[in-house]
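Student: The structure follows.
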Amino acid sequence: MNNQLSYEEFQSKYTSLRNQVYKDVPLILGMPALRLSPINTTAIRSYKTWPSSNRIPPAGGWDWGSWVGYFRSHHKKYFDVAIWNGDQLCGLALGRLSKRNVKVRLDIIEGTPNKNHPLKGQIAYIGLTAMEAFGYAVGAEESLIIDPVKGAITAYSNYGYKLRTGNKRDGQHMFKSLI
């Protein structure tokens, strides 16, 4: 028996999983004003209105339109999330699953530089919760944060992640067991 999914079935499966995460995470976190969505043209348009902070990657200032396009074309099991408080875009995150769905990884995350946004200090927590929920949905065993910025390592540690120093093959990352 062939269990291979067609391309359309494959796309539909992962789109459905992402959409379920977008619905479930605000309920799980008990945050009724929180809204999650894919990083779509509305999110990119809102991102472009964020105040300029002269941040440069990896400390923010990502070209989200290019990164999302790259991930969608090169990683079929990507995970993207726009983090909204009502109609205000507060954060963006992007990651993907490993080939066999054993690991889910967060590659890029950024919160608005607007110091007064309603989700200040919660973007990493929300983004990681969404990514982990996506991992649980596919049976992933481990969650990774790729190349965490120095200033966020303590915060990620508070969410149960441990630092693993990198080597030539695998860069520095943080990890957490999902099983």
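The values are calculated or read from the model by the stated rules, or taken from the named source; none is laboratory data. As the structure is a computational prediction, the values presented were derived from the model and not from experiment. All Cβ positions, glycine included, derive from the backbone under ideal geometry; neighbour counts span all protein chains shown.
Student: So N114 passes all but one of these: (1) touching a residue at least 24 places away in the same chain (Cβ under 8 Å); (2) surrounded by fewer than 20 Cβ atoms within 10 Å (Cβ to Cβ); (3) over 24 Å from N40 (Cα atoms). Which condition number does it fail?
Tutor: With respect to (1) touching a residue at least 24 places away in the same chain (Cβ under 8 Å); (2) surrounded by fewer than 20 Cβ atoms within 10 Å (Cβ to Cβ); (3) over 24 Å from N40 (Cα atoms), N114 is out only on (3).
Student: Kindly state which strands (runs of 3 or more DSSP E) lie completely within segment 76-179 and contain at least 1 residues that are within 20 Å of S16 (Cβ to Cβ) and touching a Gly at 6+ places or on another chain (Cβ under 6 Å).
Tutor: 78-85, 88-97, 103-111
Student: Here is a follow-up. Suppose we filter segment 126-141 for residues that are out of contact with any Asp or Glu (no Cβ under 9 Å at 6 or more places or on another chain), under 12 Å from L97 (Cβ atoms), buried (at least 22 other Cβ atoms within 10 Å of the Cβ) and aliphatic (A, V, I, L, M); how many remain?
Tutor: Result for segment 126-141: 1.
Student: Mind listing whichever residues of segment 72-94 are within 12 Å of the chain's Cα centre (by Cα) and either surrounded by fewer than 22 Cβ atoms within 10 Å (Cβ to Cβ) or free of Cβ contacts under 8 Å to residues at least 40 places away in the same chain (or both)?
Tutor: Y78, G91, A93
Student: So K150 clears everything in (1) in contact (Cβ under 8 Å) with a residue 12 or more places away in the chain; (2) farther than 20 Å from T41 by Cα except one condition, right? Which one?
Tutor: (1)
Student: Against the condition of a type in the set (S, T, Y), touching a residue at least 12 places away in the same chain (Cβ under 8 Å) and touching a strand residue (DSSP E or B) at 6+ places or on another chain (Cβ under 8 Å), how does S46 come out, does it pass?
Tutor: Considered against the rule, which asks whether it is of a type in the set (S, T, Y), touching a residue at least 12 places away in the same chain (Cβ under 8 Å) and touching a strand residue (DSSP E or B) at 6+ places or on another chain (Cβ under 8 Å), S46 comes out as yes.
Student: Determine which member of the set I123, I146, I179 is of a type in the set (V, I, T), under 16 Å from L34 (Cβ atoms) and surrounded by fewer than 20 Cβ atoms within 10 Å (Cβ to Cβ).
Tutor: Step by step, each of I123, I146, I179 is checked, and only I123 is of a type in the set (V, I, T), under 16 Å from L34 (Cβ atoms) and surrounded by fewer than 20 Cβ atoms within 10 Å (Cβ to Cβ).
Student: Next question, about the same structure. Take the conditions under 25 Å from H173 (Cα atoms) and at pLDDT below 95 and apply them to R18. Does it pass?
Tutor: No, not satisfied.
Student: All but one of (1) touching a Phe, Trp or Tyr at 6+ places or on another chain (Cβ under 8 Å); (2) within 25 Å of Y14 (Cβ to Cβ) hold for G91, so report the exception by its number.
Tutor: Answer for G91: the failing condition is (1).
For (1) at pLDDT 95 or above; (2) crowded, with 16+ Cβ neighbours inside 10 Å; (3) touching a Leu at 6+ places or on another chain (Cβ under 9 Å); (4) of a type outside the set (A, V, I, L, M), each residue gets a yes or a no:
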{"site": "P38", "(1), (2), (3), (4)": "yes, yes, no, yes"}
{"site": "T42", "(1), (2), (3), (4)": "yes, no, yes, yes"}
{"site": "T49", "(1), (2), (3), (4)": "no, no, yes, yes"}
{"site": "S53", "(1), (2), (3), (4)": "no, no, no, yes"}
{"site": "I56", "(1), (2), (3), (4)": "no, no, no, no"}
{"site": "W62", "(1), (2), (3), (4)": "no, yes, yes, yes"}
{"site": "W67", "(1), (2), (3), (4)": "yes, yes, yes, yes"}
